[in-house]
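Heads up: the structure comes next, in structure tokens.
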Amino acid sequence: MRKKFKLAVLVSGQGSNLQALIDNIKLGKLKTRIEVVLSDNFKANAINIALENNIPAVSLERSGFSSRKEFEGKMLKILEGYTPDLIVLAGFMRVLSKNFIKTFPRKIINIHPALLPAFPGLDSQNQALEYGVKISGATVHFVDEGVDTGPIIIQKAVRVKDNDSRDSLAARILKLEHKILTEAIELIRKEKIIITGRQVKYKK
Ligand code: GAR
């Protein structure tokens, strides 16, 4: 029997992407198991979502450690204990170090609320509104050493409306995020992608 594909999910906030993953696992759309949820924020609602679903959850605040190295060292130790096949950054608002990333080569993906390479970093929805783009969207990409620069796995677009606020645009983008994060994980689980340089292509 094929072994279960194991996820570790890193979060910082409300956890709607985590909830979507859990829902999609229950619906059979995502054939993985979430082994652990790791948060860098004690107050993250995502932690409650994990616990309500009987998923082990750990909170580690950066302020509790004397250096980034020590903080990431602890995260790595926890993650390695769960031997994840894939680490999913689902609203994780922290940039990971080169050392962290090279521990899990091409095994970390991130969901970002814009059509990269436009509007990387923080509050991308506001960046998009202020720039005046007519289309924005969501991107799932592999994590590399830059900020939101890794090879793109999936993108989907939404129209930006004249009367959009940051929140109305963010809500429409989140709906896409909830779909494409599951799609990207399934492509990886089924070994349906080929990465060449920074290009990700789908196998037939
Ligand atoms: C999502 O929009 C996600 O794309 C974004 O944070 C939100 C988390 O929502 N992530 C980033 O901006 C990372 N740079 P959630 O906690 O409800 O999943």
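Listed by first and then second residue, the pairs linking a residue in the range 91-111 that is in a loop (DSSP other than H, G, I, E, B) to a residue that is among the polar types (S, T, N, Q), with Cβ atoms under 8 Å apart and 6 or more places separating them unless they lie on different chains, are Gly91/Ser12; Gly91/Gln14; Gly91/Ser16; Gly91/Asn17; Phe92/Ser12; Phe92/Asn110; Met93/Ser12; Arg94/Ser12. Only one entry of Leu187, Leu122 meets the criterion of being surrounded by fewer than 19 Cβ atoms within 10 Å (Cβ to Cβ), in contact (Cβ under 8 Å) with a residue 12 or more places away in the chain, of a type outside the set (D, E, K, R) and closer than 20 Å to Ile25 by Cα, and that entry is Leu187.
Comparison of Val37, Val58 shows that the only residue that is within 16 Å of the ligand (Cβ to nearest atom) and either crowded, with 20+ Cβ neighbours inside 10 Å or in a strand (DSSP E or B) (or both) is Val37. Scanning the range 8-23 for residues that are assigned to a helix (DSSP H, G or I) and more than 9 Å from the ligand (Cβ to nearest atom) yields Leu21, Ile22, Asp23. Of everything in the range 112-146, what is touching a strand residue (DSSP E or B) at 6+ places or on another chain (Cβ under 9 Å) and among the hydrophobic types (A, V, I, L, M, F, W, C)? Give them in sequence order. Once the filter is applied, which keeps residues that are touching a strand residue (DSSP E or B) at 6+ places or on another chain (Cβ under 9 Å) and among the hydrophobic types (A, V, I, L, M, F, W, C), the range 112-146 yields Ala114, Leu115, Leu116, Ala118, Phe119, Ala128, Leu129, Ile135, Ala138, Val140, Phe142, Val143.
Suppose the filter is more than 20 Å from Ala90 (Cβ to Cβ), in contact with a Pro (Cβ under 8 Å, 6 or more places away or on another chain) and either free of Cβ contacts under 8 Å to residues at least 40 places away in the same chain or surrounded by fewer than 17 Cβ atoms within 10 Å (Cβ to Cβ) (or both); does Arg159 pass it? So Arg159 does not fit the description; no. Asn99: surrounded by fewer than 16 Cβ atoms within 10 Å (Cβ to Cβ) and under 28 Å from Ala170 (Cα atoms), yes or no? When the stated conditions are applied, Asn99 does not pass them. Of the residues making up the range 71-80, those that are surrounded by 12 or more Cβ atoms within 10 Å (Cβ to Cβ) and not aromatic (Phe, Trp, Tyr) are Glu72, Gly73, Lys74, Met75, Leu76, Ile78, Leu79, Glu80.
Residue-wise test of (1) in contact with a Lys or Arg (Cβ under 6 Å, 6 or more places away or on another chain); (2) part of a loop (DSSP other than H, G, I, E, B); (3) not β-branched (Val, Ile, Thr).
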{"residue": "Ala114", "(1), (2), (3)": "no, yes, yes"}
{"residue": "Ala118", "(1), (2), (3)": "no, yes, yes"}
{"residue": "Thr149", "(1), (2), (3)": "no, yes, no"}
{"residue": "Asp162", "(1), (2), (3)": "no, yes, yes"}
{"residue": "Leu169", "(1), (2), (3)": "no, no, yes"}
{"residue": "Glu191", "(1), (2), (3)": "no, yes, yes"}
{"residue": "Ile195", "(1), (2), (3)": "no, no, no"}
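Looking only at residues of the range 120-135 that are over 20 Å from Pro151 (Cβ atoms) and part of a helix (DSSP H, G or I), we find that the one that is nearest to the ligand (Cβ to nearest atom) is Gln125.
Quick note: the coordinates plus some simple rules give every number you see, no bench work behind them. None of these values were measured; they are calculated from a predicted model. Heads up, the Cβs are rebuilt from the backbone with ideal geometry, glycines too, and the neighbour counts pull from every protein chain shown.
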